[in-house]
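Here is the structure we will look at.
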Amino acid sequence: MSKNLNLKLKIWRQAGPHAQGSFLEVDAHDIPEDASFLEMLDVVNERLIADDVEPVTFGHDCREGICGTCGVMINGQAHGPEKATATCQLHMRKFNDGDEIVIEPWQATSFPILKDLMVDRRAFDRIVEAGGYISAPTGTAPDANEIPIPKEVADTSMDAAACIGCGACVAACPNSAGQLFTSAKLHHLNTLPQGQPERWKRTEAMVETMEDFFGSCTNHGECAEACPKEISLDFIAFMNRDYVKSKVKNRSLVSKH
Amino acid sequence: MVMLDAKIPEGPIEDKWDNHKFNVKLVNPANKRKFEVIVVGTGLAGASAAASLAELGYNVKVFTFHDSPRRAHSIAAQGGINAAKNYRNDGDSVYRLFYDTVKGGDYRAREANVHRLAQVSVDIIDQCAAQGVPFAREYGGLLANRSFGGAQVSRTFYARGQTGQQLLLGAYQALAGAIQSGKVTLYNRSDVLDIVTKDGEAKGIVVRDMLTGQVHAHSAHAVVLATGGYGNVYYLSTNAMASNVTAAWRAHRKGALFANPCYTQIHPTCIPASDEFQSKLTLMSESLRNDGRIWVPRDRDEARSAAEIAEDERYYFLEEKYPSFGNLVPRDVASRNAKTVVDEGRGVGPLKNGVYLDFAAAIARDGEQAVRERYGNLFQMYERIAGEDPYHTPMRIYPATHYTMGGLWVDYNLMTTVPGLYALGEANFSDHGANRLGASALMQGLADGYFVLPYTIGDYLAPKLGETPLSTDDPAFTQAVAEVDDRTRQWTSKKGGTHGVEYYHRELGKIVWEYCGMTRNENGLEKALSEIPALREEFRKNVKVLGSPDGINTMLEKVNRVDDFMEFAELKVRDALHRNESCGGHFREESQTEEGEALRDDENFAYVGAWEWNGPDEAQTLHKEDLEFEYVKLTQRSYK
């Protein structure tokens, strides 16, 4: 049978982007170990409401580890202690009775805190808008089997496409770099035959947009450690290679016209 | 008086869509830029519609309550998407997909819509592959398929267990391209709280900015709702936490008929609830039924672990009762049978609230590696949530609310009964009848957005060339804005209050699940009809909402949604009460065969039940769209 835990929580509270924040200390008693981390926060919130205290704001939606909305720093680790697991999929059985848990929002200049544990990750959307797509206007596509894609290629593309855009990579990085996210999208599209026509334009545009928002990569590898979808650090190397090539390729295109 | 005209085109069923495409009015390319279209929701239907309309040249405004369009709940769909490609050489065709879907829907869908869906299904796969959706491939590089419940051919395309994610990212990326090109303006963290009409036509929407709390209006030539289903009326469901009925319900209150709200799909393969704090239920893709065998112990007092129970002591109830479909019977049949064995006391797990889904045979046959390749991420997810390793211990599963077949009534053009207001994807009622087949939701969402609306919307817009959208200074807008603002602010201005909004949502869910869940009967439904209004009244009087309306306030966001669920639930129950037959996901205990299967009453109920709002204190009026079956023969569904 499942047992209950008594926990000491320190939760970051901040009323708005420019407000002064502070830790709220809460004794969370009788938390079932089968509860997820966010269900634990739900319980805490219901108790706060009962005491007429405004509940803690945190981002969350699907609670299946796929939408990428949730994510907090748990004792300094993005998404907490369990490998390859988003916050919503982390369960309290991974903690011990009496544990102190410090809960903070992602901390990166490009992800401003909106309220409490909720941050603004629109910078990621800007990177995708810069070129993270294959232009294929609706209706123009050839038969899906016209262009065979070797299974290995489809598989590696899928490995990269599994990114959920949660931002843990940025939060875990000492430089707040956006390389893992950006390279995952590039690898997804740049490996596919369909992605070739726009490959160099896409790479240059996405990398440079990334650099407008995020810090530089110094190969710590913390991003891949924190990633709930185990996106590979290798993709960053592929991105760097493509970026260098793109500077040459895009230049030669200019000179031809 | 509302007249339901489905506007089904003339001609044989295989020609209807082509005829219609030729007959609808067109807006020429240079004129498309003179039109504004609002799209609400960025799931498969909304994102694909917005991107496609923008590519055609329309000016599109897109609204989502998420921080990014990519968060929409389509992202969570796992198993796959159907298409009548017949790549497997196993006898599939457009006609067979059409036939299976009408049959799977228990003959409560509109034939013409379903046939069109089957026709465009093949284009969807082409479109998605061209966008870079990394579908599963064979070693030769061609597309792989898997089979799914309710069909005897392999027509399901998939991207591991993340098909919804990959299709949504494809649509989101198309949308991102359109945003970059300036043809789409994105409004994120924007809660659409009302639909504005004037002279009976849709003119725009009222939106609350979830960061600032400001309420403002947006105007357009047409409004497209792609806002998903109402599954969270049950509180516990596989829907995301924020999924809600609000936009559709507000449209209903503005004159859009709501069709078949009693139809809800209870998905057979979800992880059973573990405690009272459970916030949602997690689906395990139906594709698992391809290789998993479902069973319970024959002995009701069984206390041993699964591995210790001998083969002949196991009751493979689906394989025994339905030899030809076995574990691949449609969802409603699988769910009800699971409920039956659990109600008989044969359930497994600590709370005896599940049935086993066992992969031992598949692992013995194909090896653990093959099973890992097919379902690795699902097994991982299960292990995280349940704390058990499904490679060695069978999964425990139980049905949960998953998808809602009912929705806003739409005609063949996907237009609601409010001219200029469209409903796409799960938000409409049109294609799945009383039960949706697996891998068909993704198909319908993308069909509506990529390949139907872009053709049909022109028919409405063409005559409006030269009209400017109604000014947001018009009283129709200013009044609606004031109403939404007042409605939102009333919650926080109340003092006192007993419980938070979560409590009331949970209570509502209990009533709806108990009396309008997997099985329904007259007494229970009557009881729900008295309990829901009482709960609603208490909720409106006593709900406690803290914090300020001017800024981020997640309680406030939720209270508006639960308020709408409170009204919607009553209509749902009323619809279930009036439909005194069993069909698909709607099982009335009064109407079953001797073997306990759903018994339809085609003579009296072969229609779409569409309800008209008459004001907050009046019961809705029922309108009927008779369903005519010219091609599919109505039979008692049999999967034996």
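Here, each number is a calculation from the coordinates, and none is a lab measurement. Bear in mind that the values here come from a model prediction, so they are computed numbers and not experimental data. No Cβ is skipped: glycine too gets one built from the backbone with ideal geometry, and neighbour counts run over all protein chains shown.
Computed 3J(HN,Hα) for the range B:11-20, one whole-Hz value per residue from the Karplus formula 6.51 cos²θ - 1.76 cosθ + 1.60 where θ = phi - 60°, is x, x, 4, 6, 9, 4, 5, 5, 4, 5, glycine and proline marked x. Amide H contacts of B:LEU193 (H built 1.01 Å from N, in plane; Pro and chain starts excluded): B:VAL206, B:VAL207, B:ARG208 sit under 5 Å, all sequence-distant by 5 or more or on other chains.
For B:ARG365 and B:GLU383, the difference between the fully extended length at 0.36 nm per residue and the C-alpha to C-alpha distance is 4.3 nm. Amide H contacts of B:MET395: B:LEU357, B:PHE359, each under 5 Å away and 5 or more positions distant or on a separate chain (H built 1.01 Å from N in the peptide plane; Pro and chain starts excluded). Each residue of the range B:313-328 was assigned a 3J(HN,Hα) from its phi angle through the Karplus expression (A = 6.51, B = -1.76, C = 1.60, θ = phi - 60°), giving 9, 9, 10, 7, 5, 6, 5, 6, 7, 10, x, 7, 9, x, 6, 9 Hz with x at Gly and Pro.
Quantify how much of the Cα-Cα distance distribution of chain B extends past 36 Å, in percent. Here the long-distance tail beyond 36 Å is 35 percent of all Cα pairs in chain B. Summary value for chain B: 20 percent relative contact order, contacts being C-alpha pairs under 8 angstrom separated by 6+ residues.
For A:ASN175 and B:SER548, what is the calculated FRET efficiency with R₀ set at 45 Å and r taken between the beta-carbons, to the nearest 0.05? Between A:ASN175 and B:SER548 the formula returns 0.80. Other protein chain C-beta atoms within 10 Å of residue C-beta, averaged over A:15-24: 1. Taking label positions 7 Å along the Cα-Cβ direction at both B:GLU630 and B:SER181, the computed distance is 3.7 nm, reported to one decimal.
Within straight-line reach of A:LYS151, meaning a Cα separation under 19 Å, sit the following lysines at least 8 residues removed in sequence or on another chain: A:LYS185.
Note the angle between two axes, namely the Cα long axis of helix B:331-341 and the longest principal axis of the Cα atoms of chain B, as a number of degrees from 0 to 90, rounded to the nearest 10. The helix B:331-341 is inclined about 50 degrees to chain B. Each Lys and Arg contributes +1 and each Asp and Glu -1, all at the Cβ; summed about the Cα centre of the range B:267-402, the dipole is approximately 400 debye.
The eigenvalues of the Cα gyration tensor, multiplied by 5 and square-rooted, give the protein assembly as shown an equivalent ellipsoid with semi-axes of 35, 34, 31 Å from largest to smallest.
When each of the peptides B:445-458, B:494-507 is scored by how many other beta carbons lie within 10 Å of its residues on average, the order from highest to lowest is B:445-458, B:494-507. Peptide B:545-554 has a mean shielding of 4, counted as Cβ atoms of other protein chains within 10 Å of each residue's Cβ. If you plug the beta carbon distance of B:PHE277 and A:ALA19 into 1/(1 + (r/R0)^6) with R0 = 35 Å, you get a FRET efficiency near 0.70. Subtracting the Cα-Cα distance of B:GLU514 and B:GLU595 from their residue separation scaled by 0.36 nm leaves 26.8 nm. The string of couplings for the range B:429-435 from the Karplus curve (6.51, -1.76, 1.60, θ = phi - 60°) is 10, 7, 10, 10, x, 9, 7 Hz, one whole number per residue in order, with x for Gly and Pro. Spin-label pair A:LYS247-A:HIS220: with each label point 7 Å from Cα along the Cα-Cβ axis, the two points sit 2.5 nm from one another.
Each Lys and Arg contributes +1 and each Asp and Glu -1, all at the Cβ; summed about the Cα centre of the range B:478-599, the dipole is approximately 720 debye. Amide H contacts of B:LEU408 (H built 1.01 Å from N, in plane; Pro and chain starts excluded): B:ALA259, B:ASN428, B:PHE429 sit under 5 Å, all sequence-distant by 5 or more or on other chains. Bridging of B:LYS339 to lysines at a Cα separation below 22 Å is possible for B:LYS280, B:LYS321, B:LYS352, B:LYS510, B:LYS527, B:LYS572, B:LYS640, once same-chain residues fewer than 8 apart are set aside. Shielding value for A:125-131 is 6, the average number of Cβ atoms from other chains within 10 Å of each residue's Cβ. Approximating the spin labels as points 7 Å out from Cα along Cα→Cβ, the A:LYS201-to-B:LYS7 distance works out to 3.6 nm.
Dipole magnitude for chain B: about 1460 debye, using +1 per Lys or Arg Cβ and -1 per Asp or Glu Cβ, origin at the Cα centre. Taking each residue as 0.36 nm, the span from B:ASP602 to B:ALA619 lengthens on full extension beyond its C-alpha to C-alpha distance by 3.6 nm. Set against the 2.2 N^0.38 Å expectation for a compact globular protein, the range B:421-576 has a Cα radius of gyration ratio of 1.35.
Convex hull volume per residue, computed on the Cα atoms of the range A:122-256, equals 120 Å³.
Shown is the FRET efficiency for B:LYS494 and B:LEU351, computed with R0 = 41 Å from the Cβ-Cβ distance and rounded to the nearest 0.05: 0.65. Note on chain B: helix-only mean residue ellipticity at 222 nm, from DSSP H runs of 4+ residues weighted -39500 (n - 2.57) and normalised by residue number, equals -11000 deg cm²/dmol. Packing, taken as the mean count of other beta carbons within 10 Å per residue, orders the peptides B:583-591, A:74-82 from highest to lowest as B:583-591, A:74-82.
The lysines whose alpha-carbon is closer than 29 Å to the alpha-carbon of B:LYS464, local same-chain residues fewer than 8 away aside, are B:LYS7, B:LYS16, B:LYS21, B:LYS25, B:LYS32, B:LYS34, B:LYS61, B:LYS183, B:LYS198, B:LYS203, B:LYS254. Expressed as a fraction of 2.2 N^0.38 Å, the value expected for a compact globular protein of N residues, the C-alpha radius of gyration of the range A:4-114 is 1.02. Packing-based ranking of A:18-27, A:60-69, B:401-410 yields B:401-410, A:60-69, A:18-27, ordered from highest to lowest mean Cβ neighbour count within 10 Å.
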